[in-house]
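Q: Would you mind keeping the following structure in view while I ask a few things?
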Amino acid sequence: MSTQTQMRSEILEIPAAIDALLSNGAGDMQKAADALRETNPAFFISVARGSSDHAATYFKYASELIAGVPVASVGPSIASIYDRRLKLSLAASLAISQSGKSPDIVRMAEMARAAGALSLALTNHRDSDLAQVSQHTLELHAGVEQSVAATKTFVTSVVSAVWLLAEWQQDADLLKALRALPAVLETATQQNWGALVEDLTDAQSLFCLGRGPAFALSNEAALKFKETCRLHAESYSSAEVLHGPVSIVGRGFPVLILSARDAAEASVAEVADRIAGKGANVFVTSDHAVTANRLPAVRTDHPLTDPIALIVSFYAMVEQVARARGINPDAPRHLKKVTETV
């Protein structure tokens, strides 16, 4: 495949998309943060599917680490299929959908608001159905995304989610790290993960691992392998993988471990070395590893923004894996850009 894919073009646009988000989204973000301070929710629910649900998982860890407010993922079918109403008078609801079109996501967000939750939506389409039923809409400002595999909208969703928390909690260090992201992500797009590309060109299956906020990005990585490379991938917490799944690891089995520079890094690197000791081909984004292969990782000014740089470097790599396997990542088999479920 000699010409540049749409996916590759959009990955390279991520730093500019984050700059546009930070430049244009401040007003809406401040209003939503003010509403959170006023309501002081006891907990959040998240409403999302696919890549957006991985962004919601990242939000869960970030909320619990920054604000001490737990987040529960609620299945949209509770409202759309089962027609149940939850007790949400003490809650805030965060719905994440790139298109804002899927009827089940919209129905769940609508129910949450009717049940008394402060309803917030992250979407790339301000005029979408999801925006219409939400009290606060945080537009992603990602611009047009044509590739079926979401990259720009995923990263802008994650940045929007953690930005909301930073504004709510008035976390000066995190806000500073977010403002520095466009330049950092520019570097992240250029990292050389070629050794991993080579290892996965003929692979049949792999594990993707992470812990804490990086586990959310591991989930996204596993989805992208399946979606763009037709490569079976399973995501686990680096702690959970040792409770059973590690038994299928054999010599040469590929493992990708995304590690941020946070309190979990030492334990994640230890797991990487333990699995490498079983003969697996382990690649980890940490200098703490001894026997596992180290991947270059761009670090940011905050542990919570490190995983954002990691997923950008991952996207640049997975697009290369798809092409090396002779697959057009812009046209995943059986998929279309917007999936609407009831």
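Q: With 24 Å as the limit, write out which pairs from K176/K226; K60/K278; K152/K226; K101/K152; K31/K176; K60/K224 have Cα-Cα distances beyond it, or answer none.
A: Pairs exceeding the cut-off: K176/K226; K60/K278.
Q: Work out the length of the dipole vector of the chain about its Cα centre, built from +1 on the beta-carbon of each Lys and Arg and -1 on the beta-carbon of each Asp and Glu, and round it to the nearest 20 debye.
A: Dipole magnitude for the chain comes out near 660 debye.
Q: Would you mind checking the tilt of helix 265-276 against the longest principal axis of the Cα atoms of the chain, expressed as 0 to 90 degrees and rounded to 10?
A: Its long axis makes an angle of about 40 degrees.
Q: A further question follows. Considering only A221, A48, A263, give the residue with the highest GNM mean-square fluctuation for the chain, with springs between Cα atoms whenever their separation is below 10 Å.
A: Evaluated over the chain, the most mobile residue of the options is A263.
Q: With unit charges on the beta carbon (Lys/Arg positive, Asp/Glu negative), name the residue among N328, P15, A56 whose Cα is farthest towards the positive pole of the charge dipole of the chain.
A: N328
Q: Relative contact order of the stretch 57-112, please, whole-number percent, based on alpha carbon pairs below 8 angstrom and at least 6 residues apart.
A: Rounded, it is 33 percent for the stretch 57-112.
Q: Using a Förster distance of 30 Å, how high is the FRET efficiency between S73 and T3, based on the Cβ-Cβ distance and rounded to 0.05?
A: Efficiency, rounded to the nearest 0.05: 0.15.
Q: Also, I was wondering about something else. Got a sec? What order do L22, L118 fall in by accessible area at 1.4 Å, biggest, i.e. largest, first?
A: Largest accessible area first, the list is L22, L118.
Q: Among the trypsin sites (Lys or Arg not before Pro) in the stretch 5-109, which ones are in a DSSP loop with at most 13 other Cβ atoms within 10 Å of the Cβ? Mind listing them?
A: Passing sites in the stretch 5-109 are R84, R85, K87.
Q: Please list, ordered by chain and number, the residues whose modelled amide H lies under 5 Å from the amide H of A95; skip anything fewer than 5 residues away on the same chain.
A: Counting only residues 5 or more places away or on other chains, the set is V47, L120, A121, L122.
Q: In the stretch 1-94, what chymotrypsin sites (Phe, Trp or Tyr not before Pro) fall in a loop by DSSP, with at most 13 other Cβ atoms inside 10 Å?
A: Here the chymotrypsin sites (Phe, Trp or Tyr not before Pro) that fit, given the DSSP loop and packing criteria, are Y82.
Q: Could I ask something else about it? Pull out a ≥ b ≥ c, the square roots of the eigenvalues of the alpha-carbon gyration tensor of the stretch 172-245, then state rounded if a/c is under 1.5, prolate if not and a/b is larger than b/c, and oblate in the remaining case.
A: The shape class here is oblate.
Q: Here's another thing I want to ask about it. Based on alpha-carbon centroids, what's the gap between the stretch 204-268 and the stretch 279-304 in Å, whole number please?
A: The stretch 204-268 and the stretch 279-304 have Cα centres spaced 12 Å from each other.
Q: Under the definition of Cα pairs under 8 Å and six or more residues apart, what whole-number percent is the relative contact order of the chain?
A: It rounds to 20 percent for the chain.
Q: Which is farthest toward the positive dipole end of the stretch 230-315 among P303, A260, G277, measuring Cα position about the Cα centre, with Cβ charges +1 (Lys, Arg) and -1 (Asp, Glu)?
A: G277
Q: Per DSSP H run of n ≥ 4, the term is -39500 (n - 2.57); total these for the chain, divide by its residue number, and report the mean residue ellipticity at 222 nm rounded to 500 deg cm²/dmol.
A: Result for the chain, helices only: -14000 deg cm²/dmol.
Q: So, one more: Near the amide H of L140, under 5 Å away, which other amide H atoms are found, from residues 5 or more places off or on another chain, if H is placed in the peptide plane?
A: Long-range HN contacts for L140: T123, N124, H125.
Q: Any chance you could run the full-extension gain for A183 through R37? It's 0.36 nm times the residue separation minus the Cα-Cα distance, nm to one decimal.
A: 49.5 nm
The values are calculated or read from the model by the stated rules, or taken from the named source; none is laboratory data. The model shown is predicted, which means the values in this text are computed figures rather than measured ones. Note that we place each Cβ from the backbone using ideal geometry, even for glycine, and neighbour counts take in every protein chain shown. Accessible surface areas use protein heavy atoms only, side chains included; no ligands, DNA or RNA. Shrake-Rupley method; radii C 1.70, N 1.55, O 1.52, S 1.80 Å.
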